[in-house]
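**Student:** Sharing a structure below in structure tokens format, with a few things to ask.
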Amino acid sequence: MPLSLTVLGTASPHPGPDRPCSGYLLRGGGAEVWVDAGPGTFAELQRHTDPARLTAIWISHVHADHTADLLAAVHAFAFGGMTPPAPVPVYAPADLPRRLAGFFGRPDPGFLRGILDFRPLHDGHEVRHWNLRLSARAVFHDIEAYGLRAECQGSVLAYSGDSGPCDALAELARRADVFLCEADLGTRREGERQVHLTPEDAAACGKGARELLLTHIGAALTRESAAERAAAVFGDRVAAAREGDVLTF
């Protein structure tokens, strides 16, 4: 099985009943990677794997709806009997360690060295874990943010993270089997550069992919309306992600 994606959470900007914020479990080539750690996703992660077995954690940007459950992971790894055999690599914007340390009232993140190994992302960052390659591209948001391209044995997943329209999204999605893309906005505001996407934007940016999977759908939209609007631009093979979905490709 080259690649599989398990949807842990899709909500924006806060979790709801049975609907955590953004988070996904990516498996491929012997690796298991937790992609984004929104509130509620650590509990969902445990439905599908032992968190102590994670190969890596990959974080698109440091907004709380994509990172807050790292706090739960720290407690589980340090005190909850889920201590990993070695510090888990965390690929994330460089500011993440400082933010986590601040939550715990520490001046620096050194106290986490035994469980987390922070490795800063940059545009063009690449890393390989066994047969899984992870590539990052800087995308347009209101803070430092990255999209992801994951490749394993010819299968490709692209992920937008949070982003407004930008060329990097189309490059990530090109020839991907699945483009997992946010669709947070119901409407665009004229004269303002958007830091999120409408369903139509997601479809336009993902035209090069075989399938479009919408996530991070905002409060002004329903899953059904977002998928319908995106399909009018993308064509067939559009769906909205739901918690518990497992895709293999």
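**Student:** If you roll a 1.4 Å probe over the chain with all protein chains in place, what percent of the accessible area is carbon or sulfur?
**Tutor:** Numbers: 5190 of 10340 Å².
C and S fraction of accessible area: 50 percent.
**Student:** Something else now. Take each complete run of DSSP H in the chain, measure how far its Cα atoms stretch along the helix's own axis, and keep only those covering 18 Å or more with mean Kyte-Doolittle hydropathy at least 1.6; list them.
**Tutor:** On the way: long enough: none.
What comes out of the filter, once short or polar helices are dropped, is none.
**Student:** Which one, Ser163, Ala11, Ala209, is farthest towards the positive end of the dipole of the chain when Lys and Arg carry +1 and Asp and Glu -1 on their Cβ?
**Tutor:** The Cα lying farthest towards the positive end belongs to Ala209.
**Student:** Lys and Arg at +1, Asp and Glu at -1: add these up for the other residues within a Cβ distance under 12 Å of Leu134 and post the number. Provide the component values of the computation, followed by the final result.
**Tutor:** Values: positive: Arg119, Arg128, Arg133, Arg137, Arg149; negative: Glu126, Glu151.
Counting the neighbours of Leu134, the net charge comes to +3.
**Student:** Under 18 Å from a point placed 7 Å out from the Cα of Thr222 along the Cα-to-Cβ direction: which residues of the range 164-185 have their backbone N that close?
**Tutor:** Correct set: 183-185.
**Student:** If you average the C-alpha positions of the range 45-97 and of the range 119-165 separately, how far apart do those two centres end up, in angstrom?
**Tutor:** Spelled out, the Cα-based centre of one part sits 17 Å from the other.
**Student:** Counting residues in the range 48-151 as N, plug N into 2.2 N^0.38 Å and put the Cα Rg over that result.
**Tutor:** Numbers: Rg = 13.7 Å, N = 104, 2.2 N^0.38 = 12.8 Å.
Normalised Rg, Cα atoms only: 1.06.
**Student:** What three numbers, in Å, describe the spread of the alpha carbons of the chain along their principal axes, ordered from the longest?
**Tutor:** Result for the chain: principal-axis Cα extents of 49, 39, 35 Å.
**Student:** What does the charge dipole of the chain about its Cα centre add up to, to the nearest 20 debye, if the Cβ of each Lys and Arg holds +1 and the Cβ of each Asp and Glu holds -1? Before the final figure, lay out the partial values.
**Tutor:** Working: 24 positive and 31 negative charges, 101 e Å.
For this selection, approximately 480 debye.
**Student:** Also, quick follow-up: Which whole-number value in Å² is the accessible area per residue of the chain, probe 1.4 Å?
**Tutor:** Values: 10340 Å² over 249 residues.
On a per-residue basis, the chain sits at 42 Å².
**Student:** First select every other residue whose beta carbon is under 9 angstrom from the beta carbon of Leu214; then total the charges, Lys and Arg +1, Asp and Glu -1. Before the final figure, lay out each step's value.
**Tutor:** Values: positive: Arg223; negative: Glu182.
Around Leu214, the charge tally is 0.
**Student:** Grab the DSSP H runs of the chain that are 4 residues or longer, score each as -39,500 (n - 2.57), total them, divide by all residues and round the 222 nm result to the nearest 500 deg cm²/dmol. The partial results should precede the final answer.
**Tutor:** On the way: 7 runs with 56 residues, N = 249.
-6000 deg cm²/dmol, from helical runs alone.
**Student:** In the neighborhood of Phe42, defined by Cβ-to-Cβ distances under 13 Å, what is the net charge if each Lys or Arg adds +1 and each Asp or Glu adds -1? Before the final figure, lay out each step's value.
**Tutor:** On the way: positive: Arg47; negative: Asp36, Glu44, Asp50, Asp69.
Here the count lands on -3.
**Student:** Hey, another quick one. Over the range 22-109, how many percent of alpha carbon pairs lie in each 5 Å bin up to the one with the longest distance?
**Tutor:** In whole percents, the pair-distance histogram is 3, 14, 27, 29, 19, 7, 1, 0.
**Student:** Given a 1.4 Å probe and heavy atoms of the protein chains only, how would you sort Glu200, Glu228, largest accessible area at the top? Let's see the in-between values first.
**Tutor:** Values: Glu200 60, Glu228 135 Å².
If we order Glu200, Glu228 from most to least accessible, we get Glu228, Glu200.
**Student:** Using only the Cα atoms of the range 115-179, what do you get for the radius of gyration and for Dmax, in Å?
**Tutor:** For the range 115-179, the Cα radius of gyration and maximum Cα-Cα distance read 12.1, 36 Å.
**Student:** I want to check the label-to-label distance for Arg128 and Ala43. Put each point 7 Å from Cα in the C-beta direction and report it in nm to one decimal.
**Tutor:** Simple spin-label model gives 4.0 nm for this pair.
**Student:** Where both residues lie in the chain, what percent of DSSP beta bridges are antiparallel, nearest 5? Intermediate values should be presented prior to the final figure.
**Tutor:** Numbers: 30 of 52 bridges.
If I count the DSSP bridges inside the chain, around 60 percent turn out antiparallel.
The values are calculated or read from the model by the stated rules, or taken from the named source; none is laboratory data. Everything quoted here is computed from the prediction, not taken from an experiment. FYI the Cβ positions are ideal-geometry reconstructions off the backbone, even for glycines, and counts take in every protein chain you see. Heads up: the accessible areas ignore ligands, DNA and RNA and are worked out on the full protein's heavy atoms, side chains in. Shrake-Rupley method; radii C 1.70, N 1.55, O 1.52, S 1.80 Å.
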